[in-house]
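Written out below as structure tokens is the structure these notes cover.
Nothing in this text is a laboratory measurement; each read-out follows from the coordinates by a stated rule. It should be emphasised that the depicted structure is a prediction, and the values quoted were computed from it without experimental measurement. Every residue, glycine among them, receives a Cβ derived from its backbone with ideal geometry; neighbour counts consider all protein chains shown.
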Number of protein chains: 2
Amino acid sequence: MKRPTIADIARRAGVTKSTVSFALNGRPGVSDATRTRILDIAREMGWQPSRAARALSGGRAGVLGLVVDRPARTLGIEPFFMQLISGIEGELSSRDIALMLQVTEDADAQRATYRRWWAERRVDGVFVVDLCVDDERIKVLAELGMPAIVVGGPQGLGGLPGLWNDERTAVRSVVEYLVALGHRRIARVAGLPGLWHTVMREEAFEDAARELGVTPSGGTTDYTGDAGARATRRLLSSSTPPTAIVYDNDVMAVAGLSVATEMNIRVPDRLSIVAWDDSVLCRLVHPPLTAISLDIPAYGAEVARRLADLSAGRPVTSACHATPVLAPRGSTGPAPVL
Amino acid sequence: MKRPTIADIARRAGVTKSTVSFALNGRPGVSDATRTRILDIAREMGWQPSRAARALSGGRAGVLGLVVDRPARTLGIEPFFMQLISGIEGELSSRDIALMLQVTEDADAQRATYRRWWAERRVDGVFVVDLCVDDERIKVLAELGMPAIVVGGPQGLGGLPGLWNDERTAVRSVVEYLVALGHRRIARVAGLPGLWHTVMREEAFEDAARELGVTPSGGTTDYTGDAGARATRRLLSSSTPPTAIVYDNDVMAVAGLSVATEMNIRVPDRLSIVAWDDSVLCRLVHPPLTAISLDIPAYGAEVARRLADLSAGRPVTSACHATPVLAPRGSTGPAPVL
DNA sequence: CGATTCTACTTAACCGGTTTTTCAAGCGTG
DNA sequence: CACGCTTGAAAAACCGGTTAAGTAGAATCG
């Protein structure tokens, strides 16, 4: 009933612990006959290595960590994280690495978690999400020498390897698409202004607008549906309301759609809506939302692969993962004739 | 630069490892003077215990596990899990316990994960979610003797402690509310038929319907928006369509609302909609959905508290946590006059 | 006042692996 | 046949904690 250890195996095989260890790890110095016998006994006894013992002597925990810094209520609603985690998981479990998750209330707690995890050797590395401008975490991680990969970039990485998506191209394709439909007043309801990807999308949006002769407008939010609804109400109440709005996430886009419905502004007849971050949510509402789509689980898997490599001591470089593509649905159409 | 160990502290303090260990753990047998000195040195050197070493000698990993068995795409959309995790986290982090997360593809993989985690001593216990009728996991956990708490119940626990909510009362209050509004044909779009909570809600719904003279109808789904939409279309196309529909989760309720909009059936004038599982999603759409609301983070925190106790060897009993309450919003109204 | 109990430590073993060192036997070779 | 070389395995140290057992010296006690 008790869990077998290599000492138990050694006793049964009539050899010493070290021989068992060598045999189980496929290292030389053990005859084929002995090795086979040991492996058979280990299998028969249902032996599994103790992670704690391995971590203690080998120095590796076999765990990677993810700290998410979002308030409880808003966390749940965004499908992004769960999809990312799901993708990360798929990759890690095939490598027998576990994922440790921590939800924190603020950035300070997040940095404290990194320090604690590293000091306690609980994890071999961490995924860094929601990269901010002047992100303090970068410094902490560099100081600790902790393997880390940024889920984002290419700006603001500060020496850490990152994996990002080509959002600039995606933003451009959205603006081009809307312009082709005749829209000239396009608004963007952005997410948190401190996040790098908000900054980058904003830049790309303004560049594209300028080049294509479009009047941009917009504002930043905290990603919540409420904020999205408020921003939408403000935009639609202006004297020169936009004919198309691009939202930085799906939740705000859905909220924006509700506001339009509530204000009796038909979508897509009088207003076109585009959501960043495609998810079931976008297909759930009526009309279904045109969205910028990305295979998030695949992104998570690739990020996980890289962090696993990094924490195993293999060199990892920064890279661009993919270009999100526009998935046109019922919420976008020709601009209304003014 | 190297991480300090208790041996380092011992050397600096001029005592032995064991004295340091006793001092740091607040155990008797150390003079106050020595204890203070040791604590000061430990603080100064920035000592943190090695989890691996503790796990190895103490036998406890300081980690609790959660295995979620949902396909990647649908996982993200349901706010329930993230809220639950968030609540669990809040409680665990205050006790310095970490949470290990694994997303699996099927029930077999889930059981395999339990076995592996236990064999490797990676976790001290697990949270069991989505309890099924004849759930194989119960047997595995009992066989392993692994501390576990079921997030659900009271039926189907098979000896495991559980923490559930009084859904029977909640179901009843919903039916009473709808009957008071004049509804006599009420449908229920249920979730997965194999889950215990689906079975219990179904029973409660039929009991309440019978007692209150209501004609029930409905069907089971896989919780996805698509399935919810299909079920809604079928119900609304029947010769005697329901005047109110209760959905087993918020995603399906939103999908149902879209279907009604698409079929030009005004909500709540001609159809009332109630969602189980309140979330931002319900307030996001127009009209906002009447929902059965529960403080999920608080539920998660209580569950975490219990599992932490259980894995620490303290006895834990099964209990009912709370009764979900009805939050009336714009999607419910008086039954249409036929 | 000698025996006993406390106090404050030290010594040493242990948890379950990995890794370095040591050693004996078998082998070919000049 | 003495020598070095290789091979297969044992012995022992180590990772960083916890903990049972042992031991001085001081306090208590009949």
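Annotations for the structure displayed:
- Label-point gap, in nm, between A:ASP295 and B:LEU212 - each point 7 angstrom along Cα→Cβ: 4.7
- Chain A - Rg and Dmax from Cα coordinates, angstrom: 25.5, 90
- For A:LYS17, the aspartates and glutamates whose Cα falls under 15 Å of its own Cα, not counting residues fewer than eight places away in the same chain, are A:ASP8.
- For the stretch B:107-175, alpha-carbon Rg and Dmax in angstrom: 13.9, 48
- Projected label points at B:THR34 and B:LYS139, each 7 Å from Cα along the beta carbon direction, are separated by 5.5 nanometres.
- In order through the stretch B:237-247: 3J(HN,Hα) via Karplus (6.51 cos²θ - 1.76 cosθ + 1.60), integer Hz, x for Gly, Pro: 8, 6, 5, 10, x, x, 9, 8, 10, 10, 9
- Rounded to whole Å, sorted largest first: equivalent-ellipsoid semi-axes of the stretch B:225-338, Cα gyration tensor: 36, 13, 12
- Nearest-0.05 FRET efficiency for A:LYS17 and B:ASP226, computed from C-beta distance (R0 60 Å): 0.60
- Cα gyration tensor category, rounded, prolate or oblate, for the stretch B:6-49 with a/c compared to 1.5: rounded
- Chain A - share of DSSP beta bridges that are antiparallel (%, nearest 5): 10
- Mean residue ellipticity (222 nm) of chain A, computed from DSSP H runs ≥ 4 via -39,500 (n - 2.57), nearest 500: -14500 deg cm²/dmol
- Peptide A:51-62 is shielded by partner chain Cβ atoms: per residue, an average of 5 of them sit within 10 Å of its Cβ.
- As a calculated quantity, the FRET efficiency between B:CYS320 and A:ARG233 at R0 = 56 Å, using C-beta atoms, amounts to about 0.85.
- Direction-averaged projected area, Cα convex hull, the stretch B:167-293: 6.7 nm², rounded to one decimal.
- Once backbone amide H atoms are built at 1.01 Å from N, B:ALA98 has B:VAL63, B:LEU64 as its partners under 5 Å, excluding neighbours fewer than 5 places away on the same chain.
- Structure remark: mean-square fluctuation, Gaussian network model of chain A, C-alpha springs under 10 Å; the largest value among A:ARG270, A:ARG27, A:ARG121 belongs to A:ARG27.
- Fully extending the segment from A:ARG43 to A:ARG95 would add 16.7 nm, taking 0.36 nm per residue of separation and subtracting the current Cα-Cα distance.
- If you bin all the Cα-Cα distances of the protein assembly as shown at 10 Å, starting from zero, the percentages per bin are 3, 14, 22, 23, 19, 11, 6, 2, 0, 0.
- Highest to lowest packing among B:315-326, A:103-114, B:127-138, scored as the average C-beta count within 10 Å: B:127-138, A:103-114, B:315-326
- Distant-in-sequence amide contacts of B:ILE292, defined by a placed amide H-H separation under 5 Å and a gap of 5 or more residues or a different chain, comprise B:ALA275, B:TRP276, B:ASP277, B:ASP278, B:ALA327.
- FRET efficiency, B:VAL337 to A:ASN264 (Cβ-Cβ, R0 25 Å, nearest 0.05): 0.45
- Principal axis dimensions, largest first and in whole angstrom, of the stretch B:156-215 by Cα: 42, 19, 15
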